[in-house]
Amino acid sequence: MTAPLIAIYGAYGHTGRLVAAELLARGQDLLLAGRDPRALDALATELDAPGRVRTRTAPLDDTAALHEITRDARVIVHCAGPFSRTGDPVAAAAVAGGCHYIDHAVESHHVKHLFDAYQAPARGADITMIPGLSFYGGLGDLLASAVTTGLTALDRVVVGYAVSGWRLTTGAKDTAAQLFAETDRITFSDGAHHIGYVEPGNAVFAFPPPLGPRTVIAPFPSCDIVTIPRHVPARNVDLRLTAATFEEPRVFDSEDIDAADRARTDFTVAVQAVGEPGTPGAHGHATGRDLWRAGALASVEAAVRIAAGDGPAKTGVLSTAEAFPAGPFLRDLERLGAFTLTLPDGPPRER
Ligand SMILES: NC(=O)c1ccc[n+]([C@@H]2O[C@H](COP(=O)([O-])OP(=O)(O)OC[C@H]3O[C@@H](n4cnc5c(N)ncnc54)[C@H](OP(=O)(O)O)[C@@H]3O)[C@@H](O)[C@H]2O)c1
């Protein structure tokens, strides 16, 4: 019997490379995919794992080529963005080929679209689709779930991302440009999602020491605004990102720096859960270096579990924390070196 194949779309981008290297290190056989055959071959040579790595060229408008990938692979990890442009063709191919789907999107509208348009098709195809399984989005979703386990009456959950040293790749820069220009923001207040213009502003979020209170962008338009309310019982959800993240030199002109320089990011992702009057709240956080690797490790952990038949019990489109028990999943990522966790004390957690 041959091992299940895991496909990576956008394999030769920065995120795709990290995912490929980590999957190989974890013993998986790979199908590297994307639109540039020479870049795919160069990556396969570089990975130097004869017999374990195949390539398949598939531009996004080549439906037949995309379907060949999703027919052959058990899981596809979609790493080519902006996902507002690349998401639909790969998601549709996953359904057509009966292939589980994971992506690295940060974009809230893309993630909402997958929940709205792909829920029934994914269930019909007996697959799991987990969008936004990365650093931004996935980590907030998991932490919000882990921190609020056992709490049933929350007024507000705030997720604060503190990031320094972020040097944007081409894909991240294109994505950021789209998000900056976006006027239709998805927000969650008074128990419901709203879509409309929200003037970007600043607020102050109290990160745990040694960071302390920092000026943050509010709202930060990341896809955990779509996913957290699916499983956390809060009336309001807010996302924040440190304003200083985009004020550092070289954030936007670092497309050509090497992978080692790009790895020099520091991050803290903190969750504050505020209880309804008279009920408890909670807080917790994850702190680490190299947000790119943290995101890649998260998607790889999910892909490996699904390929091994250890995926979510449910099919359909799921958030990361709906797909996997958040506490144990985060602890596994901590053991892999993705970050260090501080979670509320308490009995063993199911979420
Ligand atoms: N949520 C998070 O925390 C998180 C973390 C990491 C990455 N991301 C997202 O993941 C995406 C990739 O990031 P990255 O850092 O890996 O960027 P990157 O290094 O610039 O790589 C982008 C990849 O996407 C491919 N691509 C872009 N447009 C394409 C299209 N129309 N058709 C086929 N392939 C296309 C590129 O191929 P070509 O070279 O052929 O254009 C390349 O392989 C971005 O959207 C980024 O925002 C999110």
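The values are calculated or read from the model by the stated rules, or taken from the named source; none is laboratory data. Keep in mind that this is a model prediction, so the values were computed, not measured. Virtual Cβ from ideal backbone geometry, glycine too; neighbours counted across all protein chains shown.
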Only listed residue being on the phi > 0 side of the Ramachandran plot and surrounded by fewer than 23 Cβ atoms within 10 Å (Cβ to Cβ), chosen from G309, G275 | G309
What pairs come up if the first residue lies in the range 233-255 and is in contact (Cβ under 8 Å) with a residue 40 or more places away in the chain, the second is part of a helix (DSSP H, G or I) and of a type in the set (K, R), and their beta carbons are under 8 Å apart, counting only those six or more places apart or on different chains?
-> F252/K173; S254/R262; E255/K173
Which of the residues spanning the range 186-201 are over 12 Å from A144 (Cβ atoms) and in contact with a helix residue (DSSP H, G or I) (Cβ under 6 Å, 6 or more places away or on another chain)?
-> I186
Could you check, for the range 162-169, whether at least one of its residues is touching a His at 6+ places or on another chain (Cβ under 6 Å), assigned to a loop (DSSP other than H, G, I, E, B) and within 13 Å of the ligand (Cβ to nearest atom)?
-> yes
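Conditions (1) more than 15 Å from the ligand (Cβ to nearest atom); (2) closer than 20 Å to A296 by Cα; (3) of a type in the set (S, T, Y), marked per residue:
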position	(1), (2), (3)
R74	yes, yes, no
Y101	no, yes, yes
H110	no, yes, no
Y118	yes, no, yes
P121	yes, no, no
G124	yes, no, no
T128	yes, yes, yes
G140	no, yes, no
L154	yes, no, no
Could you list, in sequence order, the residues of the range 180-235 that are part of a loop (DSSP other than H, G, I, E, B) and under 20 Å from T287 (Cβ atoms)?
-> F207, P208, P209, P210, L211, G212, F220
Does H109 satisfy being of a type outside the set (K, R), farther than 20 Å from T169 by Cα, in a helix (DSSP H, G or I) and in contact (Cβ under 8 Å) with a residue 40 or more places away in the chain?
-> yes
Residue, modelled with the lowest pLDDT, within the range 277-315, restricted to residues that are in contact with a Gly (Cβ under 6 Å, 6 or more places away or on another chain) and more than 13 Å from the ligand (Cβ to nearest atom) = G281
